[in-house]
1. What label, among (1) 33, 23, 19; (2) 29, 19, 19; (3) 52, 19, 11, belongs to semi-axes √(5λ) of the Cα gyration tensor in Å computed from the structure on display?
2. A94 to R208: FRET efficiency via 1/(1 + (r/R0)^6), r the Cβ-Cβ distance, R0 41 Å, to the nearest 0.05?
3. Roughly how many whole Å is it from the C-alpha centroid of the stretch 1-66 to that of the stretch 123-201?
4. Once the Cα atoms of helix 4-23 and of the chain are each reduced to a long axis, what angle between those two axes, in degrees from 0 to 90 to the nearest 10, is obtained?
5. With respect to the cross-link table entries K70/K143; K150/K205; K205/K239, which display a Cα-Cα separation exceeding 24 Å?
6. If r is the Cβ-Cβ distance from I48 to E119 and R0 is 51 Å, what FRET efficiency results, to the nearest 0.05?
7. How do the peptides 56-64, 141-149, 12-20 rank, highest first, by the average count of neighbouring beta carbon atoms within 10 Å per residue?
8. Per residue of the stretch 137-145, what does 6.51 cos²θ - 1.76 cosθ + 1.60 with θ = phi - 60° give for ³J(HN,Hα)? Whole Hz please, x for Gly and Pro, Karplus curve as stated.
Amino acid sequence: MDIGTPIGLVLGIGLVLASILLGSDLTTFVNVPSILVVVGGTIAATIIAFPLRELKMVIGVTGRVFKNPKQEMLGLMGFLLECRKASGKDGLLALEGMTEQAPSAPVAKGLSLVADGTEACVLQEILATEQRSIEEHHRVGQKIFNEMGKFAPAFGMIGTLIGLVQMLATLDDPSAIGPKMAVALLTTLYGALMANLLFLPMVTKLERRLKVEMSNLQLAMVGLVALNREESMIMMREKFKAFSPGDGEAVDALGS
């Protein structure tokens with residue numbers, strides 16, 4: 001698991017809460033109507049802006065940012081080497097039994113194709129299609145989070161305007177002006193926090209994650225073509241080392 005994402009969220013939220021508690025009571029910064037305006041408005045605008053099919057993509061893509069890239073790559077290498085060991089013992093048809101253990105759908109599909117005797121060039125074309133699909137999912141995820149990063153502050157401002165209107169409607173009561181102004185400003189705070197602590201960082205995270213996904217898919221292509229050609233495990237390890245130059249010893253230990 002990539003602990004950077006949860007650590008960043010906990011640290012960011014913790015520091016904001018600490019700054020609040022050092023200067024006032026936490027309840028001063030909690031206002032349910034403001035939360036409803038910002039959160040509800042951001043979700044509603046996102047649903048309007050994007051089709052449901054694309055919104056569903058975000059769920060799967062978001063979960064990937066919590067995975068550890070290095071361990072994921074080594075795990076994929078180890079799995080491909082285990083597949084080579086199985087095919088060396090029982091032939092390529094043995095790969096059919098490995099598909100359920102595959103770390104991803106493209107790898108499982110690739111194993112089925114290799115087991116069916118698909119030519120290497122055709123295999124690469126099919127996996128290239130999978131690559132474009134994965135890239136599209138990530139780009140959609142980035143686009144959605146980027147737009148949510150715009151919507152949240154906008155609805156924060158809308159909530160502030162609502163609060164100001166309510167405040168101006170009660171100018172005959174000077175004692176209510178201060179509290180209503182504070183509530184009006186809370187929506188701007190909520191919108192800014194959501195955008196800069198969650199949505200916009202996720203755009204950057206998904207961009208970096210896309211590079212990892214593409215690298216892993218390239219690794220899978222190399223491994224699957226090697227399985228197709230029944231190359232030796234030694235040759236496969238040497239090819240894998242190009243994807244992880246600093247982990248030569250770890251790669252040598254895989255599948256042994």
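1. (3)
2. Working: r = 36 Å, r/R0 = 0.88.
Once the sixth-power term is evaluated, E becomes 0.70.
3. The two parts, judged by their Cα centres, are 9 Å apart.
4. For 4-23 against the chain, the angle is about 20 degrees.
5. K70/K143; K205/K239
6. Details: r = 47 Å, r/R0 = 0.91.
Computed FRET efficiency for I48 and E119 comes out at 0.65.
7. Working: 56-64: 15.2, 141-149: 20.7, 12-20: 12.2.
Result, highest mean Cβ count within 10 Å first: 141-149, 56-64, 12-20.
8. 4, 5, 5, 5, x, 4, 4, 5, 5
Throughout, read-outs are computed from the coordinates displayed, never taken from laboratory work. In this text, all values refer to a predicted model and were calculated from it rather than measured experimentally. Virtual Cβ from ideal backbone geometry, glycine too; neighbours counted across all protein chains shown.
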